[in-house]
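Visitor: Following this message is one structure expressed as structure tokens.
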Number of protein chains: 2
Amino acid sequence: MRILFSRVFSRISGIPRKSLFDCPQHRQSLVFGTNSHSSIDFNPKEKVDPFSLVADEISLVSNRLRSSTVAEIPELASAAGYFFREGVEGKRTCSMVLLLMAKAMDINRPESSFNCIGDSSRVQLHRKQQLIAEITEMIHVASLIHDDILDDARTRRGIASLNFAVGNKLAVLAGDFLLFRALGALASLKNTEVVSLLVTAFENLVTGETMQMSATVEQRCSMEYYMQKTYYKTASLVSNSCKAMALLSDQTPEVATLAFEYGKNLGLAYQFIDDILDFTGTSASLGKGSLSDIRQGIITAPILFAMEEFPQLKAVIEQGFDNSANIHTALEYLWKSHGIQRTKELATKHANLAAAAINSLPESSSLDVWKSRQALINLTQILTTRKK
Amino acid sequence: MRILFSRVFSRISGIPRKSLFDCPQHRQSLVFGTNSHSSIDFNPKEKVDPFSLVADEISLVSNRLRSSTVAEIPELASAAGYFFREGVEGKRTCSMVLLLMAKAMDINRPESSFNCIGDSSRVQLHRKQQLIAEITEMIHVASLIHDDILDDARTRRGIASLNFAVGNKLAVLAGDFLLFRALGALASLKNTEVVSLLVTAFENLVTGETMQMSATVEQRCSMEYYMQKTYYKTASLVSNSCKAMALLSDQTPEVATLAFEYGKNLGLAYQFIDDILDFTGTSASLGKGSLSDIRQGIITAPILFAMEEFPQLKAVIEQGFDNSANIHTALEYLWKSHGIQRTKELATKHANLAAAAINSLPESSSLDVWKSRQALINLTQILTTRKK
């Protein structure tokens with residue numbers, strides 16, 4: 001469908017048209033339209049594929065990650081780069097979200113130093129934003145590596161976990177190595193607030209893991225405790241990194257908060273679906289053992305909701321899941337309850353909150369910005385309807 | 001012995017007397033003497049006790065370390081603060097060296113912005129220098145915690161190792177937590193070069209540990225490999241932190257290199273003595289099991305020197321030390337050789353190099369500076385003649 005591009009421009013508010021076109025960069029980026037009624041091939045209802053929109057940049061980030069794990073000792077380099085090899089890089093959702101967020105916030109603010117910046121500054125900014133994606137992936141992978149040691153996991157991303165492949169010792173060191181490579185890269189950004197956000201995110205990861213490990217029965221049966229732990233373990237890194245993207249591009253505190261809210265709610269929604277799939281998925285599609293949480297005594301939203309309907313489930317949780325009879329009993333209660341459905345609703349609620357954050361961003365005249373935002377919104381749907 | 005204080009002043013060179021006394025801070029710090037022939041109670045031959053000279057500051061650093069390991073989850077706080085509790089803080093040699101180094105470099109440089117800085121800037125600088133000591137202790141302890149997991153160690157500093165006390169899982173997380181607390185503090189210094197030094201130091205720690213873990217027989221029998229690994233594992237952190245101290249106080253590259261050289265050579269000398277004590281010490285005095293290195297197949301300088309005299313030792317190393325007969329054979333060769341003596345000489349050589357670096361620092365008029373330098377030099381003797 002060909003539409004009048006002025007409709008896209010009608011989303012502009014609060015920015016004097018003149019100041020927008022005073023900037024050569026924007027004049028250049030808007031060659032597909034003008035401020036009059038020109039038209040282009042553009043279908044606003046067409047779903048924007050999030051991955052393909054930033055595929056090139058994700059590739060770039062992946063390549064850099066591979067080269068950043070070069071180390072003096074081949075064993076260490078190989079262990080640190082284990083999950084950055086082609087084919088086992090995972091979904092790279094975090095990178096995708098962050099790179100889309102960077103594009104989604106390419107907003108013209110007349111009062112901002114980011115406005116009308118030169119080409120070289122723009123290139124520098126993009127490099128910094130990509131670096132945030134790299135750092136976030138490094139922290140993410142380091143925490144996965146250490147988590148797998150803690151959980152004595154045997155598989156990850158459909159292959160042997162690093163601890164299983166090279167032993168706990170080298171896996172501990174590889175995780176440490178990645179953390180400090182991330183730190184080195186982080187320091188090079190020379191932005192204290194950004195460093196502080198990522199430090200908080202990592203501390204939250206560790207805190208969440210400890211909460212899971214050391215929880216009493218009461219805590220394991222508490223929805224509030226579960227929500228806090230889930231935020232720390234899954235949503236804090238992406239939310240703080242999204243906010244870091246905003247700070248790097250000199251956005252207002254309001255925009256930074258929206259970026260944070262998107263990351264937080266997307267991360268939470270993602271985890272709720274993950275918790276459902278642990279019950280409904282298969283080992284092959286998940287790349288990890290099904291029912292892995294409950295087997296380890298980790299109580300997630302579906303069971304917590306089921307327990308609201310069947311309080312007797314608590315006694316089963318108290319007994320633990322070392323024997324399969326208790327797992328069987330818990331599952332019976334789960335299937336009789338609305339636990340899965342209510343968890344799905346919770347995921348949808350947070351996916352919607354994520355989408356709402358994107359819709360609240362200051363309006364923009366750029367088709368690229370619009371596409372990136374649509375991709376971020378589509379992503380909330382994709383992640384909450386995924387089957388694996 | 002009362003001496004003419006002008007002898008101390010005679011060490012001043014290259015600094016116009018006027019510029020020295022133009023600075024109120026220095027006028028104040030020199031009230032014990034004047035630029036004429038006044039005298040004070042002062043014995044230059046009296047040994048300066050390194051610890052007592054910075055005891056108050058070490059206390060301050062220790063207190064801050066205790067409060068910096070506060071965490072939301074009590075289990076994590078308790079694990080992260082395990083080695084910062086009073087009585088199990090270890091020798092705190094690293095903090096002592098760094099705080100003495102800071103004092104030893106309190107040099108007046110007419111062209112430096114550090115010269116004649118105001119009281120508040122001086123306080124800020126001291127706080128930053130103390131922070132480097134705190135960060136270094138945090139990295140040091142984090143690496144000890146992770147190392148103990150790798151080595152399956154049961155004791156550390158005369159008490160249960162953290163992995164033994166709380167399990168591997170919480171120990172991994174506590175180490176991670178400390179690393180990122182260190183990173184947060186490091187970032188707050190807003191000095192990219194300092195961050196880079198500490199990142200290098202930590203990467204070296206990880207690399208050294210990996211070298212030790214993954215060494216082939218040939219590598220384990222190589223003095224060059226041993227020296228490199230020893231630098232990475234023991235000397236890199238203190239040498240890079242010493243250099244960081246110099247950079248923070250705006251010293252010349254030459255002074256920064258001397259600070260680095262002191263740390264490197266002191267660290268190496270310390271480790272050579274440690275390697276000797278692993279053969280000659282007792283479990284009670286060391287706070288760890290004697291012969292612990294060789295039992296784990298770790299070949300250190302005494303055995304490497306012994307092998308130069310008795311090449312047949314290599315065959316024993318190739319067979320490994322899983323059975324005590326091989327340990328016994330290796331020890332027989334060691335006691336017949338000059339291995340211990342030559343290691344002692346190596347330690348002395350590096351201790352002397354460390355002392356020489358201090359003696360090469362630009363001369364200073366300050367008695368405090370002089371005392372700190374004497375303390376650093378005495379430390380090279382104390383550490384190489386220690387029995388535990």
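The values are calculated or read from the model by the stated rules, or taken from the named source; none is laboratory data. The structure presented is a predicted model; accordingly, all values stated were derived computationally and were not measured. A quick note on method: Cβ atoms are made from the backbone with ideal geometry, for glycine too, and the neighbour counts reach across all protein chains shown. To get the accessible areas, we keep the full protein, side chains included, count just its heavy atoms, and leave off ligands, DNA and RNA. Shrake-Rupley method; radii C 1.70, N 1.55, O 1.52, S 1.80 Å.
Visitor: Alpha carbon centre of the range A:160-186 versus the range A:321-388: separation in Å?
Guide: Comparing the Cα centres of the range A:160-186 and the range A:321-388, I get a distance of 30 Å.
Visitor: Anything losing 20 Å² or more of accessible area from the isolated chain to the full protein assembly: pick those residues out of the range B:214-232, probe 1.4 Å, ligands and DNA/RNA ignored.
Guide: SASA drop of 20 Å² or more in the range B:214-232: B:S214, B:Y232.
Visitor: Normalise the Debye intensity by I(0) for the range B:47-385, one equal point scatterer per Cα, no solvent, then take log10 at q = 0.07, 0.12, 0.13 Å⁻¹ and round to two decimals.
Guide: For the range B:47-385, the Cα-only Debye profile gives -0.30, -0.87, -1.01.
Visitor: With solvent modelled as a 1.4 Å probe, how much accessible area in total do chains A and B shield from it at their shared surface, in Å² to the nearest 100?
Guide: The summed interface area works out to 3500 Å².
Visitor: With the label 7 angstrom out along Cα to Cβ, how close does A:Q219 come to the same site in each of the other copies, in nm, nearest first?
Guide: 4.0
Visitor: Could you report the accessible area of B:V61 in Å², rounded to 10, computed with a 1.4 Å probe on the protein chains as they sit in the structure?
Guide: 0 Å²
Visitor: Also, quick follow-up: Compare each residue of the range B:159-185 in its chain alone against the assembly with all protein chains, and report those whose accessible area goes down by 20 Å² or more; 1.4 Å probe, heavy atoms.
Guide: B:K169, B:L170, B:V172, B:L173, B:D176, B:F177, B:L179, B:F180, B:R181, B:L183
Visitor: So what are the ³J(HN,Hα) numbers for the range B:175-183, from phi and the Karplus equation (6.51, -1.76, 1.60; θ = phi - 60°), rounded to whole Hz, Gly and Pro as x?
Guide: x, 4, 4, 4, 4, 6, 5, 4, 4
Visitor: Identify, for chain B, the residue whose C-beta comes nearest the rotation axis onto chain A, and round that distance to whole Å.
Guide: B:L183, 2
Visitor: For the range A:47-385, what is the charge dipole size about the Cα centre, in debye to the nearest 20, if Lys and Arg each add +1 at the Cβ and Asp and Glu each add -1 at the Cβ?
Guide: 480 debye
Visitor: Right, here's the next one. Express the carbon and sulfur contribution to the solvent-accessible surface of the range A:289-342 as a percent, rounded to the nearest whole number, probe 1.4 angstrom.
Guide: 49 percent
Visitor: Distances from A:K47 to the same position in the other copies: list them in nm, one decimal, shortest first, using label points 7 Å from Cα along Cα→Cβ.
Guide: 7.8
Visitor: Then there is this: Suppose every Lys and Arg Cβ carries +1 and every Asp and Glu Cβ carries -1, with no other charges. What dipole size does the range B:50-107 come out with about its Cα centre, to the nearest 20 debye?
Guide: 140 debye
Visitor: With each pseudo-label sitting 7 Å past Cα toward Cβ, what's the A:V217-B:S67 distance in nm, one decimal?
Guide: Result: 4.0 nm between the two label points.
Visitor: Evaluate E = 1/(1 + (r/R0)^6) for B:T280 and A:R154, where r is the Cβ-Cβ distance and R0 equals 45 Å; express this FRET efficiency to the nearest 0.05.
Guide: My answer for the efficiency is 0.55.
Visitor: Tell me the relative contact order for the range A:187-284 as a rounded percent, counting alpha carbon contacts under 8 Å between residues six or more apart.
Guide: 28 percent
Visitor: To continue, here is another question. Just read off the accessible area of B:L383 with the full protein assembly in place, 1.4 Å probe, to the nearest 10 Å².
Guide: 20 Å²
Visitor: Under a crude label model (7 Å from the Cα following the beta-carbon direction), how far is A:Q381 from A:E308 in nanometres?
Guide: Taking the simple label geometry, A:Q381 and A:E308 are separated by 2.7 nm.
Visitor: Taking the label point as lying 7 angstrom from Cα along the Cα-to-Cβ axis, what are the distances from B:W335 to the corresponding position in the remaining copies, in ascending order and in nanometres?
Guide: Its label point is 7.1 nm from the equivalent points in the other copies.
Visitor: Compactness ratio of the range B:292-388: Cα Rg over 2.2 N^0.38 Å, N = residue count?
Guide: So the range B:292-388 has a normalised radius of gyration of 1.51.
Visitor: Remind me, what semi-axes does the range B:102-222 give for its equivalent ellipsoid, largest first in whole Å, using sqrt of 5 times each Cα gyration tensor eigenvalue?
Guide: In descending order the semi-axes read 35, 19, 12 Å.
Visitor: Across the range B:58-66, in residue order, what do the Karplus-derived ³J(HN,Hα) couplings come to in whole Hz, using 6.51 cos²θ - 1.76 cosθ + 1.60 with θ = phi - 60° and x for Gly and Pro?
Guide: 4, 4, 4, 4, 4, 5, 5, 5, 5
Visitor: At a probe size of 1.4 Å, how large is the accessible area of B:W335, to the nearest 10 Å²?
Guide: Counting only protein heavy atoms, B:W335 exposes about 140 Å² to solvent.
Visitor: List the pairs from B:K103/B:K387; A:K169/B:K233; B:K47/B:K344; B:K91/B:K243 whose alpha-carbon separation is above 18 Å, in the order I gave them.
Guide: B:K103/B:K387; B:K47/B:K344; B:K91/B:K243
Visitor: In the range B:291-308, which residues have a backbone nitrogen under 17 Å from the label point lying 7 Å from B:H338's Cα in the Cα-to-Cβ direction?
Guide: Residues B:301-308 fall inside that zone.
Visitor: Determine ³J(HN,Hα), in whole Hz, for all residues of the range B:157-162 in sequence, where each value follows from phi through the Karplus function 6.51 cos²θ - 1.76 cosθ + 1.60 and θ = phi - 60°; x replaces Gly and Pro.
Guide: So the J values, rounded to whole Hz, are 6, x, 10, 4, 4, 5.
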